[in-house]
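*Asks:* Got a structure here, written out as structure tokens. Questions coming.
Nothing in this text is a laboratory measurement; each read-out follows from the coordinates by a stated rule. Keep in mind it's a predicted model, so treat the numbers as computed, not measured. Neighbour counts run over all protein chains shown; Cβ positions are idealised from the backbone, glycine included.
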Amino acid sequence: MTTHTPNLTHWAERVDLAAAFRWTARLNLHEAVANHFSLAINDDGTRFLMNPNQMHFSRIRASDLIVVDANDPKTLAGPNAPDPTAWGLHGGIHRHVPHARCAMHVHSIFATVLASLKDSRLPPIDQNCATFFDRYVIDDGYGGLAFEEEGARCAALFDDPKKKVMIMGNHGVLVIGQTVAETFNRMYFFERAAETYIRALQTGMPLRVLPDDIAEKTAQELEAYPDQDIRHLAELRALLDSEGSDYAS
């Protein structure tokens, strides 16, 4: 049950984001207390909600989320301020990528395996993989922890609005979108697609790769599929609610 905490704005967005944190932990897509999600709450995207520093995804509630100002370094001195790498990566995204209202960065297992391969491309070998055909960018210039300079470098790679997934070479994955539901759904299916591909490679058998025209057709059809992301998150919230979770408090 949603319990609105007085004096906290953007409550509906907070609840959605808290649900995404909880389910990401449920799926073991997170890494200890090291990963971060953010959601812009002003027109230019420079103020955003984010998880507090080093709080486990499985405990995050809507009221725990902090407000970060990408243009104010003093944010780092506030209570539960994000660590400098979260500030660097997400601040860079929200300053430089206007079409990224939401950003989710994880070190999920299969996406990170893909990011660790010399060739980190994701071929369209099934429907999920085809979802991302020509819709991701590969960062092959990893420069260490995502402090401010590294975060700005990564943000600059999102120069094509069509590409909303960054395979962060030697690092993990960064997914962007307009809403929590859209971004979480995209992150979920990218991890599933990466798993399919990695497991297919493990068989040592030849891959059945879709032709480019069919992969593009499939990607467009899935992009136009009505409300899948909204329904996905709504069902996850319903499951959390049925369990008596305190995520929405």
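*Asks:* Report the antiparallel proportion of the DSSP beta bridges in the chain as a percent, rounded to a multiple of 5.
*Replies:* Around 85 percent of the beta bridges assigned by DSSP in the chain are antiparallel ones.
*Asks:* Next question, about the same structure. Give, as ranges by residue number, the residues of the stretch 38-53 whose backbone N falls under 15 Å from the point 7 Å along Cα→Cβ of residue 83.
*Replies:* Under cut-off, by backbone N: 51-53.
*Asks:* With only Lys, Arg, Asp and Glu charged, each at its Cβ (+1 for the first two, -1 for the last two), find how big the charge dipole of the chain is about the Cα centre; round to the nearest 20 debye.
*Replies:* That gives a dipole near 360 debye.
*Asks:* Then there's this: Given a Förster distance of 30 Å, report the FRET efficiency between residue 55 and residue 242 from their Cβ-Cβ distance, rounded to the nearest 0.05.
*Replies:* The pair residue 55/residue 242 has a calculated efficiency of 0.80.
*Asks:* So what's the back-of-envelope 222 nm ellipticity for the chain, counting only DSSP H runs of four-plus at -39500 (n - 2.57) apiece and dividing by all residues, rounded to 500?
*Replies:* My calculation for the chain gives -13000 deg cm²/dmol from helical runs alone.
*Asks:* What area, in nm² and to one decimal, does the C-alpha convex hull of the chain cast on average over all directions?
*Replies:* That works out to 13.3 nm².
*Asks:* Distance in nm between label sites at residue 74 and residue 203, each 7 Å beyond Cα in the beta-carbon direction?
*Replies:* Here the answer is 5.9 nm between the modelled labels.
*Asks:* Take the cross-link list 74/163; 118/217; 74/162; 118/164 and give me the ones stretching past 24 Å between alpha-carbons.
*Replies:* Pairs exceeding 24 Å: 74/163; 118/217; 74/162.
*Asks:* If you don't mind, another one. Helix 228-242 against the longest principal axis of the chain: what's the angle in degrees, Cα atoms only, rounded to the nearest 10?
*Replies:* Here the helix axis deviates by roughly 50 degrees.
*Asks:* A further question follows. Can you give me the relative contact order of the stretch 11-242 as a percent, contacts being Cα pairs under 8 Å and 6 or more apart?
*Replies:* Reported as a whole number, the value is 22 percent.
*Asks:* In addition: So, in Å, what gap is there between the alpha-carbon centers of the stretch 94-109 and the stretch 201-249?
*Replies:* What the calculation gives is 18 Å, centre to centre.
*Asks:* Something else about it: Extension gain residue 27-residue 8, at 0.36 nm per residue separation less the Cα-Cα distance, in nm?
*Replies:* Stretched fully, the residue 27-residue 8 segment lengthens by 4.0 nm.
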